[in-house]
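All remarks here apply to the structure that follows.
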Amino acid sequence: MNKKKPLTGFLALNSASTNKGTAFTKEEREYHKLRGLLPPRIVSPEIQAERTIKNLRRKKDDIDKYIFLTALQARNERLFYKLVIDHIEEVMPLIYTPTVGQACKEYAHMFRRPRGMYITAEDKGEIKGVLENWPYKDIKVIVVTDGERILGLGDLGANGIGIPIGKLALYVSCAGIPPQQCLPIMLDVGTNNVEYLHDPFYLGLTQTRLTGDAYYELVDEFMQAVDEVFPKALIQFEDFLTPNAYALLNKYRHKQLCFNDDIQGTAGVALAGVYASTRISGLNFKDMRIMFLGAGSAATGIADLLCHALQREGLSENEARKRLWFVDIEGLLVKDRKNLLPHNEPYMHEHEPLGFVDAIKEIRPQVLIGATGAPNTFNRSVIEAMSNANKRPTIFALSNPTSRAECTAMEAYEWSNGKVIFASGSPFPPVEYNGEIYTPGQGNNVYIFPGIGLGTIVSESLSITEDMFFVAARTLADQVSQNDLDKGMIYPPLSNIREVSYNIALAVAENAYKTGITKAKRPKNLEQNIRDHMYSPDY
Ligand code: NAD
């Protein structure tokens, strides 16, 4: 309790970070002048949490649950986080994918109160001053989007703010970054979404997107302003259009503490899944051939990290690249293909052009990874071709939200006769097939980014390296138990996420100290140091 200047009356009840509602004790009610403002019975935080989860479950639609949870976060932050942490498997899909996709689409129509910051094209020359309006100064994590490629849903403009808000709620819940150290930012450079531009409810700039130099100058000013106003902040780029995502990552990754979750976080979680799958399939990681459907930021990010991992196993860069094959909407990526982006070049092989299924039949990959945003692209013939080539094919249908997944879990198990080792980006419930229960894995970036964030913040790392994602992936894979593998799972249960994030943070911080890229000195007891950093919502 702050003895000097207590918040009193409605101010105390309206301060989400300190409000305890009906759980304020007798002494606290006296101290904050709350007598008469609350129903008389004082309830325990446990009863409060129980009432809240019951009320959440009464809502029929997921979007209504999202609205309920948003209101709770704005009313009693600690109760919100207790609910998320204690019921992570149930609540995470409501505050993040898949529900957040619908929430973003409808954001302007559902709008009740702002959260996070909006930096716009109109703030050019004044971004530092705008950032200084944020009431908290000790910001440690910023998640920023420009809303141009929200999940697999395309340009949602300023409605994309739902993504940074959701991701930061996961930083708090899964890695214990304190809520006041988190800042969601919408970099509003306009939108090319014609429907939104004509929608009177839309709340972003009603202009088409800045492009070219004007765009990059604005981002540059933003990055410098963050460095000055929040010098300890890690910046997570989220849901930028692929060419911008790569350009920004390449420009800032060695200068500032930043990473792109769509490229690098996805890569970490996919690499961990591939490692864990080898414990079921019995294959040797360094002998594998891996095929991607989709050649955008997610798929190429995964390939780059796989390459790094294969090199760690002793292959040369060239040998590693040869193991990784891409197919996009026009077929196999081969040397004479035109109009591909620079990030595709390392993976264009000397080969005759082939369609998708023929490529599977000829190249016989053991792992197939879909990151297209295009549903139904893993059809029966694709799954059958993978099953014919492998005893235990591994298939990732990573596209989000659920409606965009390349195939459903049921389809994968059914068409492979239960042989597949399957993971998806959005969650699928367990599947019963031929009397067996199969539990699909969720290759959710949440397994990686909170731990990376915590590890780099604690060690005051100066940048985030590719090797940190490798280390994070290995640590994640090691936390899949034999019991999980027996159920077909290649990720640990989400209910272990805080422990998973802690272990990743430890490995990442050790990696940072070892490579000498930290501002902080390694504390004697790093384990305790990390635990001490982790916020708990209990009161
Ligand atoms: P992107 O736009 O950069 O790339 C999409 C790629 O898919 C492009 O190469 C495009 O040519 C290709 N493609 C589109 N339709 C196709 C089709 N019918 N057949 C073959 N190829 C096709 O997007 P991205 O950032 O790479 O993201 C792609 C998807 O991955 C999104 O749905 C996103 O939600 C998902 N994703 C999932 C995770 C995760 O679950 N961990 C993380 C990041 C991205």
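Read-outs throughout are calculated quantities, based only on the coordinates presented, and are distinct from any laboratory measurement. Just so you know, these numbers come straight off a predicted model, no measurement behind them. All Cβ positions, even for glycine, are placed from backbone atoms using ideal geometry, and neighbour counts span all protein chains on display.
Remarks
- Computed on the Cα trace of the chain, the radius of gyration divided by the Kirkwood hydrodynamic radius gives Rg/Rh = 0.97.
- Added length on full extension, which subtracts the Cα-Cα distance from 0.36 nm per residue, residue 376 to residue 57: 111.7 nm
- Of 107, 447, the sequence from fewest to most neighbouring Cβ atoms within 10 angstrom is 107, 447.
- Region 331-477: relative contact order as a whole-number percent, Cα under 8 Å and 6+ apart: 15
- For the peptides 186-196, 227-237, the ranking by mean Cβ contacts within 10 Å, running from highest to lowest, is 186-196, 227-237.
- Each Cα pair of region 182-281 feeds into the Kirkwood radius, which the Stokes-Einstein equation turns, at 4 °C and 1.567 mPa s, into a diffusion coefficient of 82 µm²/s.
- Relative contact order, percent, region 215-283 [alpha-carbon distance under 8 Å, six or more residues apart]: 27
- Computed on the chain, with alpha-carbon pairs under 8 angstrom and 6+ residues apart, the relative contact order is 13 percent.
- DSSP beta bridges in the chain [antiparallel fraction, %, rounded to 5]: 15
- For residue 354, distant residues with modelled amide H under 5 Å away: 332
- Over region 445-539: Rg over Rh, Cα atoms, Kirkwood Rh: 1.00
- Size of region 418-488: Rg and Dmax of its alpha carbons, in Å, are 15.7, 52.
- Between region 228-243 and region 120-154, the Cα center-to-center distance that results, in Å: 8
- Backbone N under 20 Å from the residue 198 label point (7 Å along Cα→Cβ), restricted to region 139-183: 154-159
- Amide H to amide H distances under 5 Å link residue 234 with 141, 142, where only residues 5 or more positions off or on other chains count and H is placed in the peptide plane.
- As a size descriptor, the averaged projected area of the C-alpha convex hull of region 20-172 was calculated at 11.2 nm².
- Leading residue at positive end of dipole, the chain (Cβ point charges), from 133, 81, 116: 81
- Calculated log₁₀ intensity ratio I(q)/I(0) where the Debye formula runs over C-alpha points of region 1-94, q = 0.11, 0.18 Å⁻¹: -0.35, -0.83
- Label zone at residue 113 (point 7 Å along Cα-to-Cβ), backbone N below 12 Å, region 6-48: 11-19
- Distance from the C-alpha centroid of region 437-467 to that of region 29-73: 31 Å, rounded to the whole angstrom.
- Treating each Cα of region 238-327 as an identical point scatterer and summing with the Debye formula, the log10 of I(q)/I(0) at q = 0.10, 0.17, 0.21, 0.24 Å⁻¹ comes to -0.27, -0.75, -1.05, -1.24.
- Net lengthening on full extension, residue 74/residue 495 (0.36 nm per residue, minus Cα-Cα): 149.1 nm
- Evaluated on region 286-338, the Kirkwood hydrodynamic radius is 11.5 Å, with distances taken between all distinct Cα atoms.
- Distance histogram for region 253-382 (every C-alpha pair counted, 10 angstrom bins, percent rounded to whole numbers): 12, 44, 36, 8, 1
- Modelled FRET efficiency - R0 30 Å, residue 330 with residue 279, Cβ distances, 0.05 increments: 0.25
- Hydrophobic long helices, here whole DSSP H runs in the chain with Kyte-Doolittle means of at least -0.5 and Cα atoms spread over 18 Å or more along the helix axis, are found at 62-75, 162-175, 212-229, 266-281, 297-312, 466-478, 497-515.
- Less than 5 angstrom separates the built amide H of residue 326 from those of 292, 333, all sequence-distant by 5 or more or on a different chain.
- Peptide ranges 512-521, 318-327, 461-470, 271-280 listed from the most packed, as the mean C-beta count within 10 angstrom indicates: 271-280, 461-470, 318-327, 512-521
- The charge dipole of the chain, taken about the Cα centre with unit charges on the Cβ atoms of Lys, Arg (+1) and Asp, Glu (-1), comes to about 1940 debye, rounded to the nearest 20.
- Here the Karplus curve 6.51 cos²θ - 1.76 cosθ + 1.60, taken at θ = phi - 60°, turns the phi angles of region 336-348 into couplings of 8, 5, 9, 6, 8, 7, x, 5, 7, 3, x, 10, 8 Hz, with x standing for Gly and Pro.
- Gap separating the Cα centres of region 180-226 and region 330-373, nearest whole Å: 34
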